[in-house]
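*Asks:* This is the structure, below, for whatever I ask next.
The values are calculated or read from the model by the stated rules, or taken from the named source; none is laboratory data. Only a predicted model underlies this, so the values are computations on that prediction, with no experimental measurement involved. Because the Cβ atoms are built from the backbone with ideal geometry, glycine has one as well, and the counts that use them run over all protein chains shown. These area figures cover heavy atoms from the full protein model, side chains too; ligands, DNA and RNA do not enter into them. Shrake-Rupley method; radii C 1.70, N 1.55, O 1.52, S 1.80 Å.
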Amino acid sequence: MFRFFENLVDPYVAYAEDNAPPQKIWPFLRQYCVPFKRVFWATGIMSIVVAAIEIWLIYYMGRLVDLLGSDPSQLWAEYGTELVLVAVFILTLRPLLQGIDVALINNAILPNFGTLIRWRAHRQVLRQSVGWFENDFAGRIANRIMQTPPAAGEVIFQTFDALSYSLAYLIGAAILLSTSDWRLLLPLLIWFVLYGALVRWTIRRVGPASKAASDARSQVTGRVVDAYTNIHSVKMFAHHDLEVDYAKEAIENTRKTFQVEMRLFTIMDVSLTVLNGLLIVGIVGWALALWTTGQASVGVVAAAAALTLRLNAMTGWIMWAVSSFFRELGVVAEGMETIAQPINLVDDVQAKPLIMADGRIEVQKLSHHYGRDSGGLQDVNLTIQPGQKIGLIGRSGAGKSTLIKLLLRFYDAESGRILIDGQDISQVTQDSLRREIGVVQQDSSLLHRSVRDNILYGRPDASEEQVIAAAKEAQAHDFILDLADPEGRTGYDARVGERGVKLSGGQRQRITLARVILKNAPILLLDEATSALDSEVEAIIQETLYGMMAGKTVIAIAHRLSTIAEMDRILVMEDSRIVEEGNHDALLARGGLYAGFWARQSGGFLKTEEDAS
C-alpha cells in the first residue's frame with residue numbers, strides 16, 4: 001500500500017530548466033507543484049470528505065442523544081439497523097477514507113515534494129557561474145538549499161492538513177448549526193470575523209519576522225562554516241576567541257529575531273483563548289436559551305456543545321497551522337534569494353558541442369575587467385598553434401588567471417572573443433568546451449571522497465587499471481597505497497577529507513595530476529602546477545608534465561621560471577596586456593621584463609605574490 005502512494009509522483013521527472021526563475025513566491029512554488037497537480041486535487045477532495053465525516057459524527061451524536069429520550073425497550077427494534085450501519089461505517093469506511101487522506105499527504109506528497117525541490121534547486125545552483133559562487137558563502141548557499149525543501153513541504157502540508165480541512169469544517173459547522181436554528185449562526189459568524197482579524201494581524205507580522213529569523217540563521221551557518229573550512233588559519237593565528245565572538249554576534253542576532261517571532265505567538269495564543277471563550281459562551285448559551293423555550297431539543301444543545309468544544313480545540317491548531325504556513329513561506333522566500341537568482345552565464349540557444357580538431361586557440365581583442373575600470377585583460381590578441389606550448393608569466397594582477405578563466409568560460413568576456421579550431425567558445429556548450437580542456441591549478445583542492453573517486457573525476461568511465469596507471473604516471477601510486485582514513489578504508493578507497501585536507505600539498509597536487517592525466521584532454525592549462533611540490537618531487541613531476549604535454553596545446557602559468565624555460569613561446573604580461581613574446585633565449589637577449597625576472601629569481605622563482613587576477 002505504501003509503495004502505491006509513494007510512487008504516485010516521480011520527483012526526478014524531466015522538466016524544462018529556467019534561466020530566469022520567477023521572483024515571486026507563488027509562481028516560484030507553482031513550478032514545483034506541476035508534477036503533483038492530480039495528487040493535490042485528490043488530497044483536497046479527501047480533506048473535505050474527512051471534514052464532512054467529522055461534522056456528520058457530531059450531528060449524529062446529537063441525534064443519538066435525542067434517540068435516548070425515546071422508550072428504551074423500542075430503541076433497538078426501531079433504530080437497530082441504523083445503529084449497526086453507523087457502527088460499521090465508523091469501524092470500516094471512516095478509517096479507510098482517513099487512511100487515504102493521510103497516505104496522500106504523508107506518503108505521496110511530503111517525501112516526494114521535498115525531494116523534487118532539493119534536487120531541482122541543487123541542479124539550478126550548480127548551473128550558476130564560478131563568479132556567482134565567488135560572491136557568496138558556500139555554507140549559506142548550502143543552508144538555503146537544505147532548509148527550503150522542508151519549508152515548502154510544510155507549506156503544502158498545512159494547506160491540506162489544516163487549511164482546507166478547517167475551511168471545510170467551518171462550512172460544515174455553519175450548515176449543521178443552521179439546520180438546527182439559524183440564530184445559532186450569529187455567534188459563529190461574529191467569532192469568525194474576530195478570528196479572521198486575529199489571523200490577519202498575525203500573518204502580516206509572522207511572515208517578515210520568520211524571514212528575518214531565517215536570514216539570521218543562514219548568517220550563523222555561513223560564519224560557522226567559514227571558520228570550520230578555514231580551521232587551519234584559525235589555529236595557526238590562535239584566533240579561537242575571535243571566531244567565537246564573530247559567531248556569537250550572529251547567534252545573538254538570531255536570538256533577538258526569534259524573540260520577536262515568539263512574542264507574536266504569545267499574543268496570538270492569549271487572544272485566541274479569549275475569542276474561544278466568546279465562542280463557547282455564545283453558541284452553547286444560545287442553544288440553552290432555545291432549549292428553555294422549547295425551540296431546540298437536548299440533542300441540538302449536545303451537538304452545539306460538542307461542536308464548539310471541537311472548534312475550541314481546533315482553533316489553536318488552525319492558528320498555529322496558519323502561522324506555520326506563513327512562517328515557512330518566509331523561509332521559502334529567503335531560500336528564493338539564492339535558488340531563484342537568474343543564471344547569467346548560459347549557453348546560446350543555438351549552441352552546439354565543440355568539435356575538436358587540432359587544438360588551435362585564437363584570442364581576438366579580448367578585454368575583461370570584472371565590471372571595474374582596471375585589472376583583468378585589455379585588448380589581448382594571441383594565436384596558439386596546435387600542439388604549441390606556451391609559458392605565461394607576469395606580476396600579480398597582470399591578467400594571467402583572467403585569461404585562463406575566460407578560456408574556460410567561467411566568465412563571458414566583456415569584449416572580444418576566443419576561438420578554438422575556429423569556433424567561438426561563446427557559441428558552443430560550456431560542458432563540451434570544458435571536456436576538451438585539462439586543468440591543473442595552484443589550489444589543488446579535492447572532493448571529500450575516496451582517492452579513486454577523485455582520480456575518476458577526470459574520466460568517470462575509466463577502468464581500475466587506467467586509474468592506477470594515471471596515479472603511477474603522476475608519482476602518486478606508492479603513497480596512495482599507504483593511506484588510511486579513520487573509518488578503516490585504505491589505499492584507493494581512503495577518503496581524503498574536505499578539500500583533501502588529510503593529504504599534504506604535494507600529495508594533493510599529484511592526485512590532481514593523475515586526474516588530469518586520466519582525462520587526457522587535447523588542451524592543457526597549468527596554473528602553478530608544481531607550486532606545492534618540493535624540489536626533488538618537482539623534478540620528477542616535471543618529467544610527468546612534459547609527458548602529459550606531448551601532442552597537446554598547452555598554456556602554463558608559472559612564477560618558477562625554470563618550469564617554463566623549455567616552452568615553445570613565453571608570454572610576459574604587464575598591466576593587463578601581453579608586452580613581451582618569444583622563446584627563453586630570445587627574451588633573455590632582449591633584456592626586457594623577462595630578463596629582469598630571470599636575473600632576480602632565486603632558483604628560478606619569480607618573486608611575486610600569488611596571482612590574484
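*Asks:* Go through (1) modelled with pLDDT of 90 or more; (2) closer than 30 Å to Gln601 by Cβ; (3) open to solvent by 50 Å² or more (accessible area, probe 1.4 Å); (4) of a type in the set (D, E, K, R) one by one and return the number of the condition Arg395 breaks.
*Replies:* Just one mismatch for Arg395, condition (1).
*Asks:* A further question on this structure: From the list Trp41, Trp76, which residue is at pLDDT below 90, in a helix (DSSP H, G or I) and surrounded by fewer than 16 Cβ atoms within 10 Å (Cβ to Cβ)?
*Replies:* Just one listed residue meets the conditions, Trp76.
*Asks:* Related question: When you scan the range 324-341, do you find a residue that is within 23 Å of the chain's Cα centre (by Cα), within 30 Å of Leu126 (Cβ to Cβ) and not in a helix (DSSP H, G or I), even just one?
*Replies:* yes
*Asks:* On the given criteria, is Leu354 open to solvent by 10 Å² or more (accessible area, probe 1.4 Å), part of a loop (DSSP other than H, G, I, E, B) and touching a helix residue (DSSP H, G or I) at 6+ places or on another chain (Cβ under 6 Å)?
*Replies:* yes
*Asks:* Only one of these conditions is not met by Val88: (1) open to solvent by 50 Å² or more (accessible area, probe 1.4 Å); (2) at pLDDT below 90; (3) part of a helix (DSSP H, G or I). Which number is it?
*Replies:* Val88 satisfies all of (1) open to solvent by 50 Å² or more (accessible area, probe 1.4 Å); (2) at pLDDT below 90; (3) part of a helix (DSSP H, G or I) except (2).
*Asks:* While we're here: In a helix (DSSP H, G or I), open to solvent by less than 50 Å² (accessible area, probe 1.4 Å) and touching a Lys or Arg at 6+ places or on another chain (Cβ under 7 Å): does that describe Ile105?
*Replies:* no
*Asks:* Just the residues that are more than 10 Å from the chain's Cα centre (by Cα) and of a type outside the set (S, T, N, Q), please, taken from the range 139-162.
*Replies:* Residues satisfying the conditions are Gly139, Pro150, Ala151, Ala152, Gly153, Glu154, Val155, Ile156, Phe157, Phe160, Asp161, Ala162.
*Asks:* Same structure, new question: Residue pairs, Cβ under 6 Å, 6 or more apart or interchain, first in the range 241-262 and over 13 Å from Arg223 (Cα atoms) and among the aromatic types (Phe, Trp, Tyr), second open to solvent by less than 100 Å² (accessible area, probe 1.4 Å) and in a helix (DSSP H, G or I). List them.
*Replies:* Phe258/Ala213
*Asks:* Output yes when any residue across the range 537-551 is more than 19 Å from Ser401 (Cβ to Cβ) and modelled with pLDDT of 90 or more, and no when none is.
*Replies:* no
*Asks:* What pairs can you find where one residue is in the range 546-562 and closer than 15 Å to Asp358 by Cα, the other is part of a loop (DSSP other than H, G, I, E, B) and aliphatic (A, V, I, L, M), and their Cβ atoms are less than 9 Å apart, with a gap of 6+ or different chains?
*Replies:* Lys552/Ala521; Val554/Met567
Table: residues versus (1) of a type outside the set (Val, Ile, Thr); (2) in contact with a Leu (Cβ under 9 Å, 6 or more places away or on another chain); (3) crowded, with 19+ Cβ neighbours inside 10 Å.
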site: Leu403; (1), (2), (3): yes, yes, yes
site: Ser415; (1), (2), (3): yes, yes, no
site: Ile425; (1), (2), (3): no, yes, yes
site: Thr429; (1), (2), (3): no, yes, no
site: Leu456; (1), (2), (3): yes, yes, yes
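*Asks:* If you don't mind, there's one more thing I want to ask. Of everything in the range 1-58 that's under 26 Å from the mean Cα position of the chain (by Cα) and among the small types (Gly, Ala, Ser), which residue is nearest to Asn107 (Cα to Cα)?
*Replies:* Among residues in the range 1-58 that are under 26 Å from the mean Cα position of the chain (by Cα) and among the small types (Gly, Ala, Ser), the one nearest to Asn107 (Cα to Cα) is Ala14.
*Asks:* In the range 8-38, what residues are assigned to a loop (DSSP other than H, G, I, E, B), at pLDDT 90 or above and surrounded by 16 or more Cβ atoms within 10 Å (Cβ to Cβ)?
*Replies:* Scanning the range 8-38 gives Leu8, Val9, Pro11.
*Asks:* If you don't mind, another one. With the structure loaded, tell me whether Arg205 is more than 23 Å from Gly139 (Cβ to Cβ), in contact with a helix residue (DSSP H, G or I) (Cβ under 6 Å, 6 or more places away or on another chain), surrounded by fewer than 20 Cβ atoms within 10 Å (Cβ to Cβ) and in contact (Cβ under 8 Å) with a residue 12 or more places away in the chain or whether it fails that test.
*Replies:* yes
*Asks:* Write out, first by first residue and then by second, each pair whose Cβ atoms fall under 6 Å of each other, whose residues are 6+ apart or on separate chains, and whose first residue, in the range 180-199, is β-branched (Val, Ile, Thr) while the second is surrounded by 15 or more Cβ atoms within 10 Å (Cβ to Cβ).
*Replies:* Matching pairs, first to second residue: Val199/Val322.
*Asks:* Could I ask something else about it? Write out, first by first residue and then by second, each pair whose Cβ atoms fall under 8 Å of each other, whose residues are 6+ apart or on separate chains, and whose first residue, in the range 114-129, is of a type in the set (Ser, Thr, Tyr) while the second is part of a helix (DSSP H, G or I).
*Replies:* Thr115/Pro149
*Asks:* Please work out which one of (1) open to solvent by less than 70 Å² (accessible area, probe 1.4 Å); (2) without any contact (Cβ under 8 Å) to a residue 60 or more places away in the chain; (3) within 24 Å of Ala173 (Cβ to Cβ) is the condition Val65 fails and give its number.
*Replies:* (2)
*Asks:* Across the range 482-519, which residue is farthest from Gln442 (Cα to Cα) among those that are without any contact (Cβ under 8 Å) to a residue 40 or more places away in the chain and of a type in the set (D, E, K, R)?
*Replies:* Only one residue tops the list, namely Glu487.
*Asks:* Does the range 437-450 contain any residue that is acidic (Asp, Glu) and within 20 Å of Glu528 (Cβ to Cβ)?
*Replies:* Within the range 437-450, one or more residues are acidic (Asp, Glu) and within 20 Å of Glu528 (Cβ to Cβ).
*Asks:* Looking at the range 483-510, which of its residues are in contact with a Gly (Cβ under 7 Å, 6 or more places away or on another chain) and in a helix (DSSP H, G or I)?
*Replies:* Correct list: Arg508 only.
*Asks:* Ok, one more. Name every residue in the range 505-519 that is more than 31 Å from the chain's Cα centre (by Cα) and at pLDDT 90 or above, in order of residue number.
*Replies:* Listed by number, the list holds a single entry, Ile517.
*Asks:* Please specify each residue of the range 418-476 satisfying the condition of being of a type in the set (Asp, Glu) and farther than 26 Å from Gly497 by Cα.
*Replies:* Once the filter is applied, which keeps residues that are of a type in the set (Asp, Glu) and farther than 26 Å from Gly497 by Cα, the range 418-476 yields Asp421, Asp424, Asp431, Glu436.
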